[in-house]
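Here the structure comes first, spelled out in structure tokens, and everything after it is commentary.
The values are calculated or read from the model by the stated rules, or taken from the named source; none is laboratory data. Just so we're clear, the structure is a prediction, and the values are computed from it rather than from any experiment. Neighbour counts are summed over all protein chains in view; Cβ atoms, including those assigned to glycine, are modelled from backbone coordinates with ideal geometry. Remember, those area values only see protein heavy atoms, side chains included, never the ligands or the DNA or RNA. Shrake-Rupley method; radii C 1.70, N 1.55, O 1.52, S 1.80 Å.
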Amino acid sequence: MNPVAMALIIVTLNAVFAVSAWRRFNLLKVGKPTWESRLTEIPKRLGLVWVFAFYQKKMRYYLAAGLAHQFIFLGFVVLLLRTLVLWGRGFFPSFNLFVLGPEPILGVPLGVIYGFFKDIFASLVLLGVAVFVYFRVVRPQKRMTLGVEGLIILGIISTMMIADITYDGASMVLLGRFGSECKAGASAFPCSAMATLVAPLAASEGALSWHLAEPAGSLSALVLSGLGSSALVVLAHIGFWTHTTLVLVFLNLLPYTKHFHIITAIPNVFLGDTTPRGRLRPLAPSTEALMAAVEKATEGEDLLSARIGYARIEHFTWKDMLDFYTCTECGRCSDNCPAFTTGKVLSPKQFTLDLRNHLYERQEEFLALGPTAVHRATAPAPSEPNDEQAEAPKEATESAKKTEPAKLYKPLDLVPNVIHEDVLWGCTTCRACEEQCPVNITYVDKIVQMRRNLVVIKGEFPSQLGKPFEGMESNGNPWNLARVDRSSWSEGLGVKSAADKPDAEVLFWVGCAASYDDRAKKIARSTAQLLLAAGVDFAILAEEETCTGDPARRAGNEYLFSMLAETNAATLNGYKEKGGVKKIITTCPHCFNTLKNEYPDFGAKFEVIHHTDFMLGLVAEKKLVPSKPVRAKVAYHDSCYLGRYNDIYESPREILRGIPGIELVEVEGASGKKGLCCGAGGAQMFMEEQNNNRVNVKRTLQLLDTGATTIASACPFCMTMLTDGIKSQSKEEQIKNMDVVEMLAISCGVSDTPGSAAGATASAAE
């Protein structure tokens, strides 16, 4: 071919890419360190890479687009070897990467095998491109970012494939002609060029025909066989140089387009957070430390320089910024977001893109100043800062004064300059966005971190949250009801308190809703009745129980959450020391998640079990026997904090399937991991929605479309939201809303409120 031209192309374009990649890498270093090493648990991380990056498990949630993407991805993987071969042929015409030539290696025809798969996957890449062109031009998908960029990239990909197939086809035709048209030693054009092109190929056998070994290449050869040899030489060279050059042109486009994910997706998955999905990290080791950090921040000239939550782009970690790099703009997150799909301002995709674009816009500023100087200009995170850290902002300011104006650090607050506050307050923290994201980008942690800064540092939050905050602080519940009434739900059941029975093996954590809400109290009673019937050694904390703090934490009030968590941890550990609290069971998934995944950060490490898991175990052990028919067509609603946060999907369904008379139905396309949120999470339970299109009503309509006569759930918050949804449709007389354990209690004959959720009628088996 042309060694000089090939060397110039490879060296020049790789050098240009190296500069772009290095700049993006240095921009990534502006991000703060992660809270823990991302190079631990290597086997687990490699497993995640296989499942999500190579197997692409989440891609097939959207089947057509998922398969098309996998075709293109696998095609690039297979054709990577082809690109190396072609680059090598630019220097050595007969180059076949040593093992992919026509001669068998140890009796195995590796070259023939690879040629077959290469053609198959090149064809599949073209099929995948066609699907995405269809989704962009013929039937545009609203969830996707539509524009010229995507079509250009698809054009480049398809051109590379067609160029490669054309090169193969032309070379095959020339191989068949070479012996007859070119005498031995012929050096004139086109024979000289033909000799170069056919050098890596096996000797021609028989007439030109389609063959399975190279299905696309041989088909191309048949199509091109009518052309003259000179034209074929030109076509082969065009195919060769187009493929070898476009690969590197494409590589250089990646850092400046959404297709950067081709490079960053695998490391983003590998370096992801392996701690429990339901865990938010503490802002400080203790309430006292957090208070000290806030006081220190208020003493400074620049209040928001303190990294208490996220106020500025430089407060995000490098992994957060890698998330920004990796966004594919596919829109699956927003397409499944309850806020976005009901017309709220929040779009998880746009939230990520706004932050990414802001970061990119400030690249020159950050790179001129340097990551170290940017870090010094940001006050340390809540912890005990040493003297060096304490002086860092001052040193950075003095250093900045000595630099030219272009290098001065210009802090910019994200709210309201980049992100509108309604974007943050629209989130229900349901994790539907994260469940759908094919490259494992996280959203909830970033939104909550920004909420934390608004609440803890700026004291800004929706006015409706004022009373719940006050209630949790004063009386340990968001309704500010009297603490002495916390155990009134258990009247007449004979349930022991932990104070009376400190060595009880099981602690029933009732939660605020089941303690105070009149409807949810029936869930607590059914749970206790089942525990008593099964002979479980349990107790409740009664007045000693206080809110776990979940609504406060998800609303960004980390200070309040920390106080509540420390109080509860001390109470739980106190009874643990007395020989009790071997297990904790909860009716509320929010309490369950907080106790299980977040309280260990506060020294409270216990086995925490949701009541559906616990009851299913009792049924399996025959300690509970559901025998009375409960005649109902039931649609089960998945709680986000039970399902997407903690992977509990089957236990509630297994209980329902085990109750005689129940016909269990599912919401088509919106159950399990794709189930729509009820709208209560993220402290939305205590806020008014931003528009009239309510999340709970949309979810209720989905459940009603199943034809169910009873809606079942396993969360008091979900029950409240769905009850309101049923009332909005004036169907409270026809449609019942029950917790799974209420139905189990009726079937086991231990409920003291049969028919309390009318519509599920129990009749004793004769």
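Using the eigenvalues of the Cα gyration tensor, what equivalent ellipsoid semi-axes result for the chain when each is taken as the square root of five times the eigenvalue, whole Å, largest first?
Equivalent ellipsoid of the chain: 59, 35, 21 Å, largest first.
Listed highest first by mean packing, meaning other Cβ atoms within 10 Å per residue, what order do 607-615, 89-97 come in?
607-615, 89-97
Provide the FRET efficiency to the nearest 0.05 for the Trp50-Phe91 pair, computing r from the beta carbons and using R0 = 35 Å.
Calculated value: 0.50.
May I ask you to work out the translational diffusion coefficient for the stretch 69-206 at 37 °C, viscosity 0.692 mPa s, via Stokes-Einstein with Rh from the Kirkwood sum over Cα pairs, reported in whole µm²/s?
193 µm²/s
Report the net charge of residues surrounding Pro589, where surrounding means a beta-carbon distance below 14 angstrom and charges are Lys +1, Arg +1, Asp -1, Glu -1.
Here the count lands on -1.
Order the peptides 626-637, 224-235, 556-567 from the highest to the lowest mean number of other Cβ atoms within 10 Å of their residues.
Result, highest mean first: 556-567, 626-637, 224-235.
At a 1.4 Å probe, what is the % contribution of carbon and sulfur to the accessible area of the chain?
So the carbon and sulfur contribution to the accessible surface is 59 percent.
When only C-alpha pairs under 8 Å and at least 6 residues apart count, what is the relative contact order of the chain, in percent?
11 percent
Magnitude of the Cβ-charge dipole of the stretch 1-67, K/R +1 and D/E -1, about the Cα centre, nearest 20 debye?
That gives the stretch 1-67 a dipole magnitude of about 260 debye.
Go ahead and estimate [θ] at 222 nm for the chain from helices alone: -39,500 (n - 2.57) per DSSP H run with n ≥ 4, summed, over the residue count, rounded to 500.
Calculated from helices alone, the mean residue ellipticity at 222 nm is -15000 deg cm²/dmol.
Summing Lys, Arg as +1 and Asp, Glu as -1, what charge do residues with Cβ under 14 Å from the Cβ of Ala620 carry, Ala620 excluded?
For residues surrounding Ala620, the net value is -1.
Quote the charge dipole size of the stretch 119-188 about the Cα centre in Debye, to the nearest 20; the model charges only the Cβ of Lys and Arg (+1) and of Asp and Glu (-1).
Rounded to the nearest 20 debye, it is 340 debye.
Restricting attention to the chain, give the cysteines that have no other cysteine Cβ less than 4.7 angstrom from their Cβ.
Cys327, Cys330, Cys337, Cys427, Cys437, Cys512, Cys547, Cys748
Which aspartates and glutamates, on any chain, are close to Lys522 with Cα under 20 Å apart, when same-chain ones fewer than 8 places away are left out?
Cross-link targets: Asp485, Glu491, Glu543, Glu545, Asp613, Asp638, Asp724, Glu732, Glu733, Asp739, Glu742, Asp752.
Which cross-chain or sequence-distant (5 or more) residues have an amide H under 5 Å from the amide H of Val630, H modelled 1.01 Å from N in plane?
Those qualifying (amide H under 5 Å, at least 5 residues apart or on another chain) are Gly661, Ile662.
With all distinct Cα pairs included, what does the Kirkwood hydrodynamic radius of the stretch 677-734 come out to in Å, to one decimal, could you say?
11.6 Å
For the stretch 179-301, restrict the atom set to alpha-carbon positions and state the Rg and Dmax in Å.
Cα only, the stretch 179-301: 30.6, 91 Å (Rg, Dmax).
Can you check what the net charge comes to around Cys327, using other residues whose Cβ is under 15 Å from the Cβ of Cys327 (Lys, Arg +1; Asp, Glu -1)?
Once positives and negatives cancel, what remains is +2.
Please state the shape class of the stretch 279-323: rounded when a/c is under 1.5, otherwise prolate if a/b exceeds b/c and oblate if not, all from the C-alpha gyration tensor.
oblate
Based on the Kirkwood radius over alpha-carbon pairs, what value in µm²/s does the Stokes-Einstein equation return for the translational diffusion coefficient of the stretch 38-78 at 37 °C and 0.692 mPa s?
297 µm²/s
Amide H of Lys32 versus every other amide H placed in the peptide plane: which residues, excluding those fewer than 5 positions away on the same chain, fall under 5 Å?
Distant-sequence amide H within range of Lys32: Phe316, Thr317, Trp318.
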